[in-house]
Amino acid sequence: MVIVKRKQLSLFERLYLPEIFRGLGVTMRAIFRRKITRQYPEEPLVTNAVTRGQPRLVVNEDDTIRCVSCGLCEIACPAYAITIDGQETERFIEREPERFDIDMLRCILCGFCEEACPKDAILMSNELELADTSRQALIYDIEKLKRPVSSLQDRLDYVYKLNNRWQNSSSTS
Amino acid sequence: MSLPPETIPAQAENLPTILVWLIKAGLIYGGLLGTAALMTLAERKISAWIQYRIGPNRVGPWGLLQPLADGVKFIFKEELVPDGANRLMFRLSPMLSAIPAMMAVAVIPFAGKVEIAGYDLGQLSIAKLEISVLYVLALTGLGIYGVILGGWSSNSKYSLLGGLRATAQMVSYELTLLLAVLAAVLLSGSLDLETIGLSQGTNPLGWNFVRQPLAFLLFVIATFAETNRHPFDFAECEPELVGGFHTEYSSMKFALFFLGEYCAMIVMACLTTTFFLGGYQVPFWAGAPWFIQLGAFAAKAGIFLFLFLWVRWTLPRFRYDQLMSLGWNTMLPLALFNLFATGALVAMGWSSWWMLPILVLCLVPTAWILTTRGSKRDAAASDAASFANSPLGRSVTGLLSLAIPAAIWIAAQEGTTPW
């Protein structure tokens, strides 16, 4: 049981009107305060390396995809948003995805795929806008997911920094 | 039946009367509906500013076309009539809510003699009645029928409760409203709105809000209750009653209720201006041209329209018992006392400047006795002492100690004194 002690109001507060005028003063000051609204389409959200936006596939400078279709991100994905079919390739890495779909309607932007990836091939970009007119259009295929490595370099550096931090602080174990 | 000659508006020299009426009606009703539309925008803008937001700004410059966009949206919405509703009353009540509020504007004097391009159009009000105060108050009282019948005919318990609350509230606060108005009527000795306005003179210190401070305060509070605005909006009370009396309404019927509410607010702002702020008179300029008088009237009424919005986004809603207690235990006795004091002053032929000293001398001890019964006395004394030492308390007591001798001095200058 909780006994709530009501605050004993002073005579002036019980007269009620003065307190109303004080409240009106508060709202009047608020009218002239700086507005915090962001005019969204004109002023987009400020993003940086830490922003965990939609996952994207990294494309090397020589136009080859980094992904080796190992399927770790597919396993890690808690929302079952990723579907990968692999195929052989003449390149040194021997395997590359034939099909790499992310259902953006299922994706919860958790970043597990990025953590799971051993090749830094899938990264969380700073792209946040997601709107279309059909569900089918929001299942992104490999062509829609490809991004040049230069545009994801900030995120890549950030991920490396993050991993190093964990390495350095793991002395207790 | 023909009207007695003095109730017909002053006729133009060289324009047909019907044309004069049409011009005035167009001006006044265009202004009323335009202001009501702008009020919906202003409500959203000011609520936004108070909450550190910007508010609607997408439709037209500064969102000025927002009311138009809202209107178009309302027209294209589906109109629902709930099962078991009383169809006739359900259709009728939005009109019952909007029409009286609009009719009440007809007798409000917005400016003195209007002259356009050499034509004399007479006073800027649609009709000139000797008893326009009665007419206006009767119509504002009628406005509640739309709310009650709308709530009852919807066949919904939320609506019914909203309507019932509105009724009880209206009965409680209309008394205070009328008694506060009567004080102003007593001072001017007339039931004509224009005479009441003009009798206050062009000096702002002679206006009724100075000579009748208590009646002014009570009237303003009662207008909030009368128009079902915050903190008295028990008829729509969203957290308890969904939407109150208009829960079941959609499309243009819903819009009509809101048009009625905003028109009622405009009427009440105009009435406050006329009764307590000297009507359309420009300070210290008796012979101002009509458009400047109209501007002065609009500015004064605009203060109260802003107050409606300002208060709405500041105060929380009352509890129902608080509402009743405030209405019957506080405002009604104060209004009766104020009417009695005013009547005594008028009957004895004393100056109305005595009101302020009388109010302070009578009400402060009464409030002291009523609020400090029994064991609370010591605590109240220390409260009062700490208040008197606070900056606000010093300024209030300082202001009163200046204002009371000033009022007594002015009253003594005017000749008739109690001694």
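Here are a few things to note about the model shown:
- For segment B:97-121, a residue qualifies if it is farther than 20 Å from B:Gly302 by Cα and buried (at least 21 other Cβ atoms within 10 Å of the Cβ), and the qualifying residues are B:Ser97, B:Ala98, B:Pro100, B:Val114, B:Leu121.
- Candidates B:Leu334, B:Leu326, B:Leu356 - the one that is surrounded by 19 or more Cβ atoms within 10 Å (Cβ to Cβ), out of contact with any Gly (no Cβ under 7 Å at 6 or more places or on another chain) and within 30 Å of B:Glu238 (Cα to Cα): B:Leu326
- Of all residues in segment A:48-62, those that are over 20 Å from A:Thr83 (Cβ atoms) have Cβ atoms under 8 Å from Cβ atoms of residues that are assigned to a strand (DSSP E or B) and not polar (S, T, N, Q), 6 or more apart or on another chain, in A:Thr51/A:Met124; A:Arg52/A:Met124; A:Gly53/A:Met124; A:Glu61/A:Pro148.
Per-residue answers, yes or no, for (1) within 14 Å of chain A (Cβ to nearest Cβ); (2) acidic (Asp, Glu); (3) in a helix (DSSP H, G or I); (4) under 27 Å from A:Thr37 (Cβ atoms):
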position	(1), (2), (3), (4)
B:Lys45	yes, no, yes, yes
B:Pro56	yes, no, no, yes
B:Trp62	yes, no, yes, yes
B:Val72	no, no, yes, yes
B:Glu79	no, yes, no, no
B:Ala85	no, no, no, no
B:Met89	no, no, yes, no
B:Pro94	no, no, yes, no
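- Between B:Leu339, B:Leu323, B:Leu332, B:Leu294, the distinction of being within 14 Å of chain A (Cβ to nearest Cβ), touching a residue at least 24 places away in the same chain (Cβ under 8 Å) and in a helix (DSSP H, G or I) belongs to B:Leu323 only.
- Just one of the listed residues (A:Glu88, A:Glu129) is closer than 24 Å to A:Tyr40 by Cβ, exposed (fewer than 13 other Cβ atoms within 10 Å of the Cβ) and of a type in the set (Asp, Glu), namely A:Glu129.
Residues checked against (1) surrounded by fewer than 21 Cβ atoms within 10 Å (Cβ to Cβ); (2) modelled with pLDDT of 85 or more; (3) out of contact with any helix residue (DSSP H, G or I) (no Cβ under 9 Å at 6 or more places or on another chain):
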{"position": "B:Gly201", "(1), (2), (3)": "yes, no, yes"}
{"position": "B:Leu205", "(1), (2), (3)": "yes, no, no"}
{"position": "B:Ala215", "(1), (2), (3)": "no, yes, no"}
{"position": "B:Thr223", "(1), (2), (3)": "no, yes, no"}
{"position": "B:Pro231", "(1), (2), (3)": "yes, no, no"}
{"position": "B:Leu241", "(1), (2), (3)": "no, no, no"}
{"position": "B:His246", "(1), (2), (3)": "no, no, no"}
{"position": "B:Met252", "(1), (2), (3)": "yes, yes, no"}
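- Matching entry among A:Val4, A:Val26, A:Val58 (being within 30 Å of A:Ile142 (Cα to Cα) and either modelled with pLDDT of 85 or more or surrounded by 14 or more Cβ atoms within 10 Å (Cβ to Cβ) (or both)): A:Val58
The values are calculated or read from the model by the stated rules, or taken from the named source; none is laboratory data. Keep in mind it's a predicted model, so treat the numbers as computed, not measured. Reconstructed Cβ throughout: ideal geometry from the backbone, glycine too, with neighbour counts over all protein chains shown.
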